[in-house]
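The values are calculated or read from the model by the stated rules, or taken from the named source; none is laboratory data. Remember, predicted model here, so these are calculated numbers, not experimental data. As a convention, Cβ positions derive from the backbone with ideal geometry for all residues, glycine included, and neighbour counts pool all protein chains shown.
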């Protein structure tokens, strides 16, 4: 099946390129702009990273393991990181390591797949590659050296500038919202206000954070790092470039221009941008007190998985309004999904611990029939064929399984449907059972007793519920009742 995704450059939904399964060297190349590591990433940042994690999972499922090469960079040198290091009186590397570690911890808590080794490059780790690209741009006449030693890209040298973001020349003026503060600040050194920095000459405020170059000591501009790292790790032309809509201009517009001028070929076949996250209907800001981090929401009693679900509740290309109420709704939806899955698990095909990877087990043992989607087909099509329509997929999951009659399913059909649900949940990155539960392999007969007791309790059959609780206790298990769900724990001996 193809994956159809909106392309920001053509303003249309297009099929992504499918790598040749017979060619071991042909992989799908995927670059995602990562965080600037000077502080904790906020939930708006994580909307983008969670969406890209879902996209990465879908690509891997559709194209096969080893067929997707995913790169996400870390910006560890820029004005913000240097300022934080200077304000705290610490080396830049120490500051950026602290916040890189925090970013990784938050990603793990949100169940984002870890990066493959060598595919999470840093700007400081690719200085040579950035200098080399700038040198080529200088030789081709696409860049020039200013009086202070800084090097700028000459926007007028690239006829296609503005095609990605649809920016107009009249908007590229000093002090405009699109031109940005950094462009306005450097205006005196540039030939034209629309030109942007490739190399910044060393200034006293930079401290020791400078590298040698043919144009003197300095540091790279923000935009060149992604072009250089993408080129080094994925080649001159990549299949997909993604990021938040806030990066569309100037960052991605500048990446496209400098990459195509340097390499003399198409930079990216496909561009995808996720929209802004609003909080209580307003743009996030510290002054409004509505800029949340994961830690702040956990401190309020919400789970990281509730945040992941909440960030997936709106279409990725539409603004999503986040509120604490939406987290409560996410918790309820997750509880309902757990209850549905537990009803399937009663039939003994797998356990809570095994559910997350049951799709893989089933696919390996049934290679000729795996992928026949059944009740989950509409949800899968919503993700792959309908422009990563996550909320529609979630709706189809609940619609298809809510009234599913498990009592009339044959063994093959039941196991197939359970495998499909497992694969969908994997694609969405939803960890339905917490680490404590996953670590414990709950026997199928214990889960069956718990389901019977839960049903008796809902029917207000108190005597039956008490009798079933005693059976569970004798078997060595405690059943902890919640408002909408229960939890099983082994009794301590």
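Results, tabulated for the structure shown:
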| quantity | calculated |
| --- | --- |
| Selection from segment 308-347 of residues that are under 22 Å from residue 112 (Cα atoms), in a helix (DSSP H, G or I) and touching a strand residue (DSSP E or B) at 6+ places or on another chain (Cβ under 9 Å) | 310, 311, 326 |
| Test: residue in segment 62-77 that is assigned to a helix (DSSP H, G or I), modelled with pLDDT under 95, on the phi < 0 side of the Ramachandran plot and not assigned by TED's automatic domain parsing to the domain that holds residue 362 | yes |
| Checklist (1) in a loop (DSSP other than H, G, I, E, B); (2) touching a strand residue (DSSP E or B) at 6+ places or on another chain (Cβ under 8 Å); (3) more than 30 Å from residue 160 (Cα to Cα) applied to residue 19, failing item | (3) |
| Residue count for segment 127-148, restricted to those that are at pLDDT 95 or above and either part of a loop (DSSP other than H, G, I, E, B) or under 23 Å from the mean Cα position of the chain (by Cα) (or both) | 3 |
| Any hit, segment 185-206, residues being crowded, with 18+ Cβ neighbours inside 10 Å, within 26 Å of residue 31 (Cβ to Cβ) and modelled with pLDDT under 95 | yes |
| Residue tally, condition within 19 Å of residue 121 (Cα to Cα) and surrounded by 13 or more Cβ atoms within 10 Å (Cβ to Cβ), over segment 81-102 | 11 |
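Results for (1) surrounded by 15 or more Cβ atoms within 10 Å (Cβ to Cβ); (2) modelled with pLDDT of 85 or more, shown as yes or no for each residue.
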residue: 328; (1), (2): no, yes
residue: 331; (1), (2): yes, yes
residue: 336; (1), (2): no, yes
residue: 341; (1), (2): yes, yes
residue: 347; (1), (2): yes, no
residue: 352; (1), (2): yes, yes
residue: 358; (1), (2): yes, yes
residue: 365; (1), (2): no, no
residue: 369; (1), (2): no, no
